[in-house]
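Quick notes on the structure that follows.
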Amino acid sequence: MQTENVGTFSLNDNVWQGITLSDSAVQQIIKLMQQKPQAKGLQLGVKQSGCAGFAYVLDLSCDPADDDLLFECGGAKLYVPLKAMPFIDGTTVDFVREGLNQMFKFNNPKAQHACGCGESFGI
């Protein structure tokens, strides 16, 4: 699996490591963008949910907010709300196929534990 990171950057006195996308995640994001031409990319956020505290939220983004951070790799665009960065900074996003299932997976160094069903994480 080859990954590409956009490097570190500073915003509002925070130094973010950024988000890394695997090749398969890049390909899947591009595929999703092509299926909905008005989409500018995919948005990754978090919400309070589940037994561990937080859940990842992925959605096509047609109108990104002005304070969304853009991570772009090989034509794939991933928007992240600034308020989500403290929870997911340094995360590697992958797209995997396990049997008949296909899903985005998140390797988040800030996640200290996850619930048994795998739907939520805690920091």
Peptide ranges 94-107, 73-86 listed from the most packed, as the mean C-beta count within 10 angstrom indicates:
73-86, 94-107
Whole number in Å², please: accessible area per residue of the stretch 31-84, 1.4 Å probe, ligands, DNA and RNA not counted.
56
14 Å beta-carbon shell around residue 34, net charge (K/R +1, D/E -1)
+4
Can you work out the PRE-style zone for residue 97? Point 7 Å along Cα to Cβ, and I want the residues of the stretch 23-52 with backbone N under 14 Å.
24-25, 27-28
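In a shell of Cβ-Cβ distance under 12 Å around residue 70, excluding residue 70 itself, what net charge do Lys and Arg (+1) and Asp and Glu (-1) give?
Charge balance near residue 70 sits at -2.
The values are calculated or read from the model by the stated rules, or taken from the named source; none is laboratory data. Being a predicted model, the structure only gives us computed values, none of them experimental. Quick reminder, even Gly has a Cβ in these numbers, built from the backbone with ideal geometry, and neighbours come from all protein chains shown. The protein model used for the area step is the full one, side chains on, heavy atoms only, and it has no ligands, DNA or RNA in it. Shrake-Rupley method; radii C 1.70, N 1.55, O 1.52, S 1.80 Å.
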